[in-house]
Amino acid sequence: MGRTAAEKIISAKAGVDARAGDFVVACADLAMIHDTTGPIAIKAFSEYGREKVWDPSKMVIVLDHATPSPNERISNLHMLLREFAARQGITLFDAGEGVCHQLVVEKGLVLPGGLAVGADSHTCTYGAMGVFAFGIGSTDMSGVMLTGKLWLRVPGTMKVIFRGGMPEGVSSKDLMLNFIGKIGADGADYLALSFSGDTVKAMSLSERMTLSNMAIECGAKAGLVASDEKTAAHLKALGKGEGSPAYDDDDAVFDRVLEIDASKVPPQVALPHSVDSAVPVTEAAGTEVSQVYIGTCTNGRLDDLRIAARILSGRKVSPNCRLLVCPPSRKIMADAIAEGILLQLVEAGAAILPPGCGPCPGTHLGVPGDGENVISTANRNFKGRMGNNKAGVYLASPATCAASALEGRITDPRPFLQGR
Amino acid sequence: MEKHITGAVHKFGDDINTDYIIAGKYTKTLDFSTLAEHVFEDVDPEFKNRVRAGDVVAAGKNFGCGSSREQAPIAIKYAGVSAILAKSYSRIFFRNAINQGIPAFICDTDAMETGDEITVNIEESFAELPGRNIKIPLTPLSPVMVNILEEGGLVEYLKKNGTYILPE
Ligand code: SF4
């Protein structure tokens with residue numbers, strides 16, 4: 001009987017032949033904490049009476065959720081994290097470096113076939129590189145900091161096969177919103193997703209990250225994409241090895257296999273206040289939006305900014321609407337400056353925010369007002385998510401968000417791409 | 001950990017995410033009592049005034065989905081809640097609640113309504129609504145979760161064991 005990639009990676013990290021449903025104790029290759037979840041993990045760790053974490057070279061701390069700090073309370077938590085990092089010899093990425101998940105993939109901090117945990121639910125993003133990666137809470141993280149390990153139940157795998165070419169104006173975000181809409185917010189609870197098919201094969205690493213990033217929005221523990229020559233090229237450029245890629249065997253046991261024709265999925269919009277409420281953009285079109293947000297670990301990368309600029313350059317953002325753009329890393333910001341994209345966006349009327357989570361988690365920067373609608377490239381639109389429970393958040397692709405900024409209403413991006 | 005819990009039910013629906021349990025803007029603190037002041041604020045603003053020490057949160061499916069923030073179960077704990085019952089949990093929240101030493105069980109919560117008196121008997125694994133003569137079995141926790149809960153949470157468990165021990 002064959003094995004899934006998830007079973008193979010967990011088996012290797014637990015030193016046993018692990019199958020779906022088994023309970024194992026596995027070793028972590030990377031442990032990430034950030035400024036929302038890190039302080040509680042450190043507080044819990046301090047109770048063990050142990051001086052040093054198990055292996056500081058396998059930990060990383062990122063200040064991204066509220067950066068630069070909006071108030072003294074958060075500044076003090078940032079200080080606590082900086083002091084801990086310095087004392088332990090842990091790499092810390094400070095304000096302005098970018099969003100944790102973007103940095104881990106961009107810098108190749110964990111390799112294909114590895115097991116990564118992060119005190120953040122979107123840690124599943126690293127699945128785009130063939131890493132078995134998942135989010136855990138702060139106390140579980142304190143246990144990893146102490147032992148380098150954690151217990152887990154090996155998940156079954158849902159195979160998601162995308163076939164066919166995506167039409168112009170459709171992106172991996174649309175596929176994922178559509179998929180989550182189909183299976184629901186708990187449709188893959190306790191399972192690993194394994195994305196495959198020619199559509200995924202043709203995607204850039206960045207587009208694959210959007211798929212993996214949103215795996216948690218249907219309850220999945222991980223969102224794996226088999227690593228291939230694109231993954232290897234990315235790591236090679238960083239001077240890193242290829243890791244130990246793991247692939248699903250053909251005769252592995254899958255909990256479910258789903259095939260989706262990507263050529264038939266139109267641009268999608270998730271309505272407030274749930275991610276699994278996706279409708280085709282034509283059904284949401286016309287809804288007024290006061291703010292558009294292009295950024296986050298889901299969809300703020302260079303290809304996302306490029307398509308936004310393709311739509312916005314030489315045009316103007318609607319006077320009834322604010323456009324906020326937040327590149328999720330310093331490198332993306334630098335590349336977007338070098339390519340001239342940021343200039344095009346600024347001239348169209350965008351406000352550029354410092355690399356980080358920006359308005360996504362609702363802590364500061366771009367909090368909407370009562371009754372306002374926002375359309376965002378983020379992964380979550382729960383009530384209050386952006387800091388105001390009286391606002392509505394719609395989720396869409398960077399193209400749909402850019403077109404909506406031009407009109408001040410939710411807008412189908414496809415006509416705006418013609419001839420550009 | 002109390003093995004016999006008696007309190008009032010506070011009922012919630014399906015897919016209550018951790019943003020609803022505690023909004024992101026309140027999470028940046030180590031003063032956990034401030035979390036309790038905002039618990040469930042966006043979905044049930046009256047909860048924090050209504051809840052009494054020992055009460056029970058009962059919810060539908062996929063309770064605690066969304067963010068991994070452990071501030072969510074911490075907020076529920078500091079509000080005085082002594083147990084959580086739900087039809088199903090999102091994986092990360094479920095672990096976090098047990099790691100915080102909060103008894104969190106899976107069971108059919110359909111019959112439970114806000115204001116019901118409820119007893120949770122952990123030893124014999126059932127919940128009971130004495131006023132309505134309804135007895136509901138609890139789904140057993142995985143053995144490792146039972147051990148963590150018995151120590152009062154993961155920190156105490158690791159202090160005692162130093163590492164993870166999987167029960168046979
Ligand atoms: S950008 Fe948003 S989803 Fe991504 S890590 Fe930051 S807060 Fe979480």
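None of the figures in this text is laboratory data; all of them are computed from the coordinates on show. Since the structure is predicted, the reported quantities are computational estimates derived from the model, not experimental observations. FYI the Cβ positions are ideal-geometry reconstructions off the backbone, even for glycines, and counts take in every protein chain you see.
Worth pointing out:
- Looking only at segment A:87-118, and only at residues there that are away from the ligand (no atom under 11 Å from the Cβ) and small (Gly, Ala, Ser), the one that is surrounded by the most Cβ atoms within 10 Å (Cβ to Cβ): A:Ala116
- Answer from B:Gly64, B:Gly60, B:Gly54 - the residue that is over 20 Å from B:Arg95 (Cβ atoms) and not basic (Lys, Arg): B:Gly54
- Any hit, segment A:356-368, residues being away from the ligand (no atom under 15 Å from the Cβ), on the phi < 0 side of the Ramachandran plot and not hydroxyl-bearing (Ser, Thr, Tyr): yes
- Qualifying helices (runs of 4 or more DSSP H) (wholly inside segment B:37-102; at least 1 residues being facing chain A (nearest Cβ under 9 Å)): B:71-78, B:91-99
- Long-range neighbours under 9 Å by Cβ, at least six apart or interchain, first residue within 14 Å of chain B (Cβ to nearest Cβ) and touching a residue at least 12 places away in the same chain (Cβ under 8 Å) within segment A:111-125, second assigned to a strand (DSSP E or B) and within 8 Å of the ligand (Cβ to nearest atom): A:Gly118/A:His34; A:Ala119/A:His34; A:Asp120/A:His34
- Among the strands (runs of 3 or more DSSP E) confined to segment A:259-333, the ones with at least 1 residues that are of a type outside the set (Gly, Ala, Ser) and crowded, with 18+ Cβ neighbours inside 10 Å are located at A:268-270, A:291-295, A:322-326.
- Verdict on A:Ile410 being within 16 Å of the ligand (Cβ to nearest atom), away from chain B (no Cβ under 13 Å), under 20 Å from A:Arg315 (Cα atoms) and in contact (Cβ under 8 Å) with a residue 60 or more places away in the chain: no
- A single member of A:Ala396, A:Ala403, A:Ala391, A:Ala378 is buried (at least 20 other Cβ atoms within 10 Å of the Cβ), within 14 Å of chain B (Cβ to nearest Cβ) and away from the ligand (no atom under 13 Å from the Cβ), and it is A:Ala391.
- For beta carbons closer than 6 Å, sequence separation of 6+ or different chains, a first residue in segment A:88-104 that is more than 23 Å from A:Lys52 (Cβ to Cβ) and a second that is within 13 Å of the ligand (Cβ to nearest atom) and part of a helix (DSSP H, G or I), the qualifying pairs are A:Val99/A:Cys297; A:His101/A:His122; A:His101/A:Thr125; A:His101/A:Cys297; A:Gln102/A:Cys297.
Let's see how each residue does on (1) within 14 Å of another protein chain (Cβ to nearest Cβ); (2) closer than 30 Å to A:Val144 by Cβ; (3) small (Gly, Ala, Ser):
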| position | (1), (2), (3) |
| --- | --- |
| B:Glu113 | no, no, no |
| B:Asp116 | no, no, no |
| B:Ser125 | no, no, yes |
| B:Pro143 | yes, yes, no |
| B:Asn147 | yes, yes, no |
| B:Gly152 | yes, yes, yes |
| B:Leu158 | yes, yes, no |
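- Within segment A:57-70, not a single residue is away from the ligand (no atom under 16 Å from the Cβ) and either in contact with a Pro (Cβ under 9 Å, 6 or more places away or on another chain) or aromatic (Phe, Trp, Tyr) (or both).
- Among all residues of segment A:222-229, there is at least one that is more than 23 Å from A:Leu302 (Cα to Cα) and touching a residue at least 24 places away in the same chain (Cβ under 8 Å).
- Considering residues of segment B:140-168 that are part of a helix (DSSP H, G or I) and closer than 16 Å to A:Ala41 by Cα only, the residue farthest from the chain's Cα centre (by Cα): B:Lys159
- Filtering segment B:5-36 to residues that are farther than 21 Å from A:Asn71 by Cα, more than 9 Å from chain A (Cβ to nearest Cβ) and either more than 17 Å from the chain's Cα centre (by Cα) or part of a loop (DSSP other than H, G, I, E, B) (or both) leaves B:Phe12, B:Gly13, B:Ile16.
- Screening A:Lys236 with (1) of a type outside the set (A, V, I, L, M); (2) in a loop (DSSP other than H, G, I, E, B); (3) out of contact with any helix residue (DSSP H, G or I) (no Cβ under 6 Å at 6 or more places or on another chain) gives one miss only, at (2).
- Within segment A:250-297, if we keep just the residues that are within 14 Å of another protein chain (Cβ to nearest Cβ) and among the hydroxyl-bearing types (Ser, Thr, Tyr), the residue that is farthest from the ligand (Cβ to nearest atom) turns out to be A:Ser277.
- Residues of segment A:126-171 that turn out to be of a type in the set (Gly, Ala, Ser), within 14 Å of chain B (Cβ to nearest Cβ) and crowded, with 20+ Cβ neighbours inside 10 Å, as a count: 7
- Whichever residue in segment A:193-219 is touching a Lys or Arg at 6+ places or on another chain (Cβ under 9 Å) and small (Gly, Ala, Ser) and, among such residues, is nearest to the ligand (Cβ to nearest atom): A:Ala215
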